[in-house]
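Note sheet for the following structure.
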Amino acid sequence: MRFLADALEPELEVTRTRGSFLFDANGKRYIDFVMGWCVGNFGWRNAALTKPIERFRGPDYVYPGFSYKRWEELARLLSSIAPGTLTTSFRATGGSEAVDIALQAAMVHTGRKKFLSIEDSYHGNTIAGLSVGASENRETFANLLSGCSKIAPPLDLNALDKVETRLKRRDVAAFIMEPISINLGVLIPETEFVTGLQRLCRRYGTLLIMDEVATGFGRTGAVFATEHFGIEPDILCVGKAITGGVSDMGAAIATREVAQSMEADGSFYSTYGWHPRSTEAAIATVRYMIRHRKRLAAHIAAIGKYFSDRLARMRFTRVTRVKAIRMKGLAIGIDVGKEDEADALQAKCRRQGLLTSTEGSTLLLLPALEIPQRVAKAGLDILEKCVE
């Protein structure tokens with residue numbers, strides 16, 4: 001009899017992690033090019049993130065109706081690194097809850113109830129997140145939120161025209177998207193699409209929500225992927241790497257105007273949002289990013305070039321064809337054209353000691369941002385043996 005439900009068939013049993021390595025119950029060591037799917041951006045067991053938790057002597061728990069200085073400190077730090085004029089954080093336990101809060105805030109602030117998003121995107125497992133995700137979700141959950149429309153990729157000027165057609169009705173509360181969609185195989189929109197999207201949202205009174213749960217905290221080479229396009233969202237959703245995997249946390253960071261509307265008329269009570277220990281881990285993570293920002297950016301650029309050069313030289317003779325290699329920072333997608341071939345390649349890499357992920361026909365590589373070149377080389381050597 002099984003007592004624990006699994007969304008996916010477990011690939012291995014994890015016993016410990018360190019740096020860019022993961023170890024299974026048989027003692028086998030794997031090079032980790034998944035890092036919890038954009039969670040362990042700064043490497044597993046990073047002392048700068050784990051030590052503050054070990055030294056923590058604060059409260060076991062803080063009731064959400066009370067105040068807590070470390071919440072204020074974290075909110076201040078997040079505002080200092082967030083793009084644009086985002087000032088106010090709403091506490092959440094993870095990315096799904098952060099997205100839910102953001103969608104609620106958009107409805108409260110605009111007085112509208114409809115949403116627009118990217119087809120086949122992923123924004124979490126709540127009813128709201130599933131509603132703005134892939135349309136096929138409605139085949140399983142027929143009672144998802146109504147009024148959720150989708151724009152299909154590619155995200156170019158033609159797609160932008162479709163966005164305007166939809167927004168000009170002035171009934172859409174928010175457009176939500178990942179600035180770079182890792183779950184769509186590292187889909188990188190055209191700059192003109194993103195800048196035009198912000199312009200249209202402002203013209204028609206629609207809020208722009210950037211879901212940076214996966215792309216935030218350095219994954220694409222910038223602190224937030226939004227920065228690559230020079231835009232200023234109304235709400236930013238974060239999670240995953242905000243604590244480096246040490247603890248669970250999420251946040252929706254909003255402009256002052258949106259936050260004031262939500263505080264006046266919204267509902268965002270979160271029992272375990274920003275648990276004291278999670279707060280310590282997040283403060284340590286953000287301070288680490290601020291302190292090492294230039295070094296991290298330089299390393300991501302250098303090691304990203306190494307990945308790019310190595311991948312460009314691989315022959316990939318064991319797959320039908322490589323349709324594209326898409327990269328931004330250390331978000332890397334290798335589209336092999338067929339989903340079954342991507343899955344087979346992932347399984348082969350795992351047997352050889354390299355952990356990767358897949359999204360459809362794309363093999364994803366999401367290594368730690370500070371991965372040493374010798375470890376990157378060892379992982380890419382395994383990949384090369386598996387594809388040639």
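The values are calculated or read from the model by the stated rules, or taken from the named source; none is laboratory data. All figures in this text were calculated on a predicted structure; none of them were measured in a lab. When we count neighbours, we look across all protein chains shown, and the Cβ atoms used for this are built from the backbone with ideal geometry, even at glycine. These area figures cover heavy atoms from the full protein model, side chains too; ligands, DNA and RNA do not enter into them. Shrake-Rupley method; radii C 1.70, N 1.55, O 1.52, S 1.80 Å.
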Helices (runs of 4 or more DSSP H) wholly inside region 1-97 that include at least 2 residues being out of contact with any strand residue (DSSP E or B) (no Cβ under 8 Å at 6 or more places or on another chain) and of a type in the set (Lys, Arg) = 69-81
message = If the requirement is being in contact with a helix residue (DSSP H, G or I) (Cβ under 9 Å, 6 or more places away or on another chain), open to solvent by 60 Å² or more (accessible area, probe 1.4 Å) and at pLDDT 95 or above, which of these qualifies: Ile371, Ile332, Ile325?
response = Ile325
note = Scanning region 26-81 for residues that are aromatic (Phe, Trp, Tyr) and either open to solvent by less than 70 Å² (accessible area, probe 1.4 Å) or closer than 15 Å to Ala284 by Cβ (or both) gives Tyr30, Phe33, Trp37, Phe42, Trp44, Phe56, Tyr68, Trp71
query = For Asn125, which of the numbered conditions (1) among the polar types (S, T, N, Q); (2) surrounded by 19 or more Cβ atoms within 10 Å (Cβ to Cβ); (3) closer than 23 Å to Gly94 by Cα fails to hold?
reply = (2)
query = Filter region 128-141 for residues that are surrounded by fewer than 20 Cβ atoms within 10 Å (Cβ to Cβ) and small (Gly, Ala, Ser); which is farthest from the chain's Cα centre (by Cα)?
reply = Ser135
remark   = Within region 174-185, residues in a loop (DSSP other than H, G, I, E, B) and closer than 16 Å to Trp37 by Cα come out as Glu178, Ile180, Gly185
ask   = Right, Ala324: closer than 27 Å to Gly216 by Cβ, in contact with an Asp or Glu (Cβ under 6 Å, 6 or more places away or on another chain) and among the small types (Gly, Ala, Ser) or not?
value = yes
message = I need every pair where a residue in region 186-197 that is in a helix (DSSP H, G or I) has its Cβ under 7 Å from the Cβ of a residue that is modelled with pLDDT of 95 or more and of a type in the set (Phe, Trp, Tyr), sequence separation at least 6 or different chains.
response = Thr191/Phe229; Val194/Phe229; Thr195/Phe229; Leu197/Phe175
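Per-residue answers, yes or no, for (1) over 26 Å from Ser308 (Cα atoms); (2) modelled with pLDDT under 95; (3) touching a Gly at 6+ places or on another chain (Cβ under 7 Å):
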position	(1), (2), (3)
Thr191	no, no, no
Val213	no, no, yes
Val223	no, no, no
Leu236	yes, no, no
Lys240	no, no, yes
Ala251	yes, no, no
Met262	yes, no, no
Trp274	yes, no, no
Tyr288	yes, no, no
query = Can you pull out the residues in region 271-315 that are surrounded by 20 or more Cβ atoms within 10 Å (Cβ to Cβ) and farther than 24 Å from Ala252 by Cα?
reply = Leu296, Ile300, Ile303, Gly304, Phe307
inquiry  = Suppose we filter Arg57, Arg70 for residues that are among the basic types (Lys, Arg), out of contact with any helix residue (DSSP H, G or I) (no Cβ under 7 Å at 6 or more places or on another chain) and modelled with pLDDT of 95 or more; which single one remains?
reply    = Arg57
query = Exactly one of (1) hydrophobic (A, V, I, L, M, F, W, C); (2) closer than 18 Å to Met262 by Cβ; (3) under 20 Å from the mean Cα position of the chain (by Cα) is unmet by Met107. Its number?
reply = (3)
key: Hey, Val99 in contact with a Leu (Cβ under 9 Å, 6 or more places away or on another chain) and among the aliphatic types (A, V, I, L, M) or not   = no
ask   = Can you tell me which residues in region 17-45 are among the polar types (S, T, N, Q) and touching a Phe, Trp or Tyr at 6+ places or on another chain (Cβ under 8 Å)?
value = Thr17, Ser20, Asn41
ask   = Given the conditions (1) open to solvent by 20 Å² or more (accessible area, probe 1.4 Å); (2) at positive phi, and given that Gly218 satisfies all but one, which numbered condition is not satisfied?
value = (1)
